[in-house]
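Working notes, structure below.
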Amino acid sequence: MAIRRRPKGLLGLGWACFESAAMGRTEHVPTSKDYPESIMKRVTFEAGGGLGWKISALTTVRETPAPLKIVVVPGAPCWAEYWAPVLAALPQDREMIVVDRPGFAASEPATCVPDIRLQALALSPLLQAAPGQKILLVGQSYGAAIATVLATRNPKSLAGVVLLSSFLGETGPTARWLVDTGMRILNMIPRDLRHAILEVTGQSAQLTHMRDALRRLNVPVHVIHGDADDFAPIELAQKLVEETRSKAPMRFVCVPGANHFLNDGPVDVLMSVLECCIPAPAPAKAPLFKLPALPALPNLAWLGRRPQAQPEQIAGA
């Protein structure tokens, strides 16, 4: 089956916004409908905290829950459809759900939700795990701050947190041009682009919530960034790791040649990055004490035997 190709990078994202708005779609082609229903499907759930919103997400299809569930909180603009090739490439012992964040694509509300704490509350049902299942929580770009706050709501099921191409309040040169241009025509651009610009320009004051959450987390945190990222400066991601005093280890990984959109690049690159963040299964626990071996019991089978006649007795009968 031939999957349609989409434009790459910021210009591709912008074109997808205008094209989808003109066609009356919330999805951005190619969509999950280009894949068999046995691979992925659209689901809807109620936002957490009694907010009353319907939240849409794209998820893999598995007959039984996989041992590991990868939860993805994308950036801005937020489109789960851009993760469809990654979902399709996952092995059967992994499952993934990618959300359309509140205010984007097929999710409610229709207005922008700029408070990252409110977004984390709305997305809290994503951290529900099947018995024995662990969760790897991935926050991409603007979603990195939201995922960090979200992680504190249910840390027991988490195997780790991945901050992918983290946007941390300062734009790189390409994003700066996009945001400045968008602010001049804010009321003329499609909703998803408008909400993305409003989120990005108002994020700096909220990063204190992200840093507070990082200090409280007791799970490994992996900060992954491409060295060709011209949207979110890599230096800020490095600085975040260096300055944060966390309970659990924080690891910084530079991906050579990668730009801001690792999920929209070669799937194998992103897959290898995520696999490095998945903890190895814990070895089987040795028993606290071992009973000594019991001595062999004597063979008492002879007690149940009946006496047999001797040959000489039979001969003299």
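The values are calculated or read from the model by the stated rules, or taken from the named source; none is laboratory data. As the structure is a computational prediction, the values presented were derived from the model and not from experiment. Cβ sites come from the backbone with ideal geometry, for glycine too, and all protein chains shown count toward neighbours. The accessibility values were calculated without ligands, DNA or RNA, using every heavy atom of the protein model including side chains. Shrake-Rupley method; radii C 1.70, N 1.55, O 1.52, S 1.80 Å.
Identify all residues within segment 246-279 that are among the charged types (D, E, K, R) and at pLDDT 90 or above; write none if there are none.
Those that are among the charged types (D, E, K, R) and at pLDDT 90 or above: R251, D268, E275.
One residue stands out in segment 101-141 among those that are β-branched (V, I, T) and under 15 Å from the mean Cα position of the chain (by Cα): the one that is surrounded by the fewest Cβ atoms within 10 Å (Cβ to Cβ), namely I135. For segment 110-150, name all the residues that are under 26 Å from P65 (Cβ atoms), touching a Lys or Arg at 6+ places or on another chain (Cβ under 8 Å) and not aliphatic (A, V, I, L, M). Within segment 110-150, Q119, S124, Q133, K134, G143 qualify.
Please go through segment 142-157 and give me each residue that is open to solvent by 10 Å² or more (accessible area, probe 1.4 Å) and either closer than 19 Å to F252 by Cα or at pLDDT 95 or above (or both), ordered by number. Quick ask: steps written out before the conclusion?
Of all residues in segment 142-157, those open to solvent by 10 Å² or more (accessible area, probe 1.4 Å) come to 149, 152-157.
V149, the sole residue that qualifies.
V72 passes every criterion in (1) under 12 Å from the mean Cα position of the chain (by Cα); (2) assigned to a helix (DSSP H, G or I) apart from (2).
If you go through segment 91-100 and pick out every residue that is touching a Phe, Trp or Tyr at 6+ places or on another chain (Cβ under 8 Å) and either open to solvent by 30 Å² or more (accessible area, probe 1.4 Å) or of a type in the set (V, I, T) (or both), you end up with 1. If only residues of segment 179-200 that are modelled with pLDDT under 90 and among the acidic types (D, E) are counted, the one that is most open to solvent (accessible area, probe 1.4 Å) is D180. Pairs meeting the criteria (first residue in segment 164-191 and on the phi > 0 side of the Ramachandran plot, second residue open to solvent by 20 Å² or more (accessible area, probe 1.4 Å) and among the hydroxyl-bearing types (S, T, Y), beta carbons under 8 Å, at least 6 apart or on different chains) are G169/S204. Within the bounds of segment 42-50, is there any residue that is over 30 Å from L178 (Cα atoms) and among the aromatic types (F, W, Y)? Looking through segment 42-50, at least one residue is over 30 Å from L178 (Cα atoms) and among the aromatic types (F, W, Y). Tell me, yes or no, whether segment 177-194 has at least one residue that is in contact with a strand residue (DSSP E or B) (Cβ under 7 Å, 6 or more places away or on another chain) and either small (G, A, S) or in a loop (DSSP other than H, G, I, E, B) (or both). No; the residues of segment 177-194 include none that is in contact with a strand residue (DSSP E or B) (Cβ under 7 Å, 6 or more places away or on another chain) and either small (G, A, S) or in a loop (DSSP other than H, G, I, E, B) (or both).
Of the residues making up segment 49-59, just one is assigned to a strand (DSSP E or B) and open to solvent by 40 Å² or more (accessible area, probe 1.4 Å), namely K54.
Just name the residue that is most open to solvent (accessible area, probe 1.4 Å) out of those in segment 201-249 that are part of a loop (DSSP other than H, G, I, E, B) and aliphatic (A, V, I, L, M).
A228
For Y82, the criteria (1) within 21 Å of V161 (Cα to Cα); (2) at pLDDT 95 or above; (3) of a type outside the set (A, V, I, L, M) hold in every case but one, which is (2). Note on segment 250-278: residues that are under 25 Å from V219 (Cα atoms), surrounded by fewer than 18 Cβ atoms within 10 Å (Cβ to Cβ), in contact (Cβ under 8 Å) with a residue 24 or more places away in the chain and more than 15 Å from the chain's Cα centre (by Cα) amount to 4. Scanning segment 31-48 for residues that are open to solvent by 50 Å² or more (accessible area, probe 1.4 Å) and at pLDDT 95 or above turns up T44, E46.
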